[in-house]
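Below: one structure, written as structure tokens.
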Amino acid sequence: MIQKISFEEDLELKRFAATPKEKKPRFDWSTVLGDNRLHRPEIKIDADGSERDFDLAEIADTIGNALTDLLLSRQEDEIFTEVNRKFVGSVAESVGEVLAKQIEQGRALKLSTHDIHLLIEKALIENDAHDVARSLMFGRIKSSSK
């Protein structure tokens, strides 16, 4: 369900997205994957000029951090709940499935962090989590302006 966000809520979300990580509670969202941690060396991530192997745990952390910012902006205390952990795991696995299909088709993948964020945003929108996608976008804008 699409939820309308007021101007004030939008400003509050931007404020939380711009808050340094060390000033916000952080959770180990990578644990939501359990043993289902897609680690594919044939998928490379190019970040700031260095290349590393793809790790689905990073995707879960990115989604979880965007969700955390959103919930903090709404002044919610219950963040690392079972429902939220399942949601983060499900969306992260959706991203992993898209990339796994590309590999199965014989494609070698080298993605930028921007490409990864776009894949995550697409998966969030497909899961009707537009507000979390918006939170991720604000965080991405903050990171790119540094």
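Numbers below:
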| quantity | calculated |
| --- | --- |
| Answer from Ala133, Ala92, Ala108, Ala100 - the residue that is of a type in the set (A, V, I, L, M, F, W, C), more than 14 Å from Glu58 (Cβ to Cβ) and either surrounded by 18 or more Cβ atoms within 10 Å (Cβ to Cβ) or touching a Pro at 6+ places or on another chain (Cβ under 6 Å) (or both) | Ala133 |
| Subset of the range 94-136 [at pLDDT below 90, among the polar types (S, T, N, Q) and touching a Leu at 6+ places or on another chain (Cβ under 9 Å)] | Gln102 |
| Residue that is out of contact with any His (no Cβ under 7 Å at 6 or more places or on another chain), under 14 Å from Phe87 (Cβ atoms) and of a type in the set (A, V, I, L, M, F, W, C), where the choices are Ala18, Ala66 | Ala66 |
| In the range 92-121, residue nearest to Arg74 (Cα to Cα) [restricted to those that are free of Cβ contacts under 8 Å to residues at least 40 places away in the same chain and touching a helix residue (DSSP H, G or I) at 6+ places or on another chain (Cβ under 8 Å)] | Glu121 |
| Hey, Leu136 within 18 Å of Ser30 (Cα to Cα), under 15 Å from the mean Cα position of the chain (by Cα) and in contact (Cβ under 8 Å) with a residue 60 or more places away in the chain or not | yes |
| Residue within the range 45-54 that is under 21 Å from Leu11 (Cα atoms) and buried (at least 20 other Cβ atoms within 10 Å of the Cβ) present | no |
| Total residues in the range 79-91, condition in contact with a Gly (Cβ under 9 Å, 6 or more places away or on another chain) and without any contact (Cβ under 8 Å) to a residue 40 or more places away in the chain | 1 |
| Selected residue (criterion: modelled with the highest pLDDT) from residues of the range 1-24 that are part of a loop (DSSP other than H, G, I, E, B) and surrounded by fewer than 10 Cβ atoms within 10 Å (Cβ to Cβ) | Pro20 |
| Cross-chain or 6+ apart pairs with Cβ under 6 Å, the range 58-78 first and free of Cβ contacts under 8 Å to residues at least 60 places away in the same chain and of a type outside the set (A, V, I, L, M, F, W, C), then surrounded by fewer than 21 Cβ atoms within 10 Å (Cβ to Cβ) and assigned to a helix (DSSP H, G or I) | Asp61/Ser30 |
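The values are calculated or read from the model by the stated rules, or taken from the named source; none is laboratory data. Note that the coordinates shown come from a computational prediction; the quantities given were computed from them, not determined experimentally. Please note: Cβ atoms are built from the backbone with ideal geometry, for glycine as well, and neighbour counts cover all protein chains shown.
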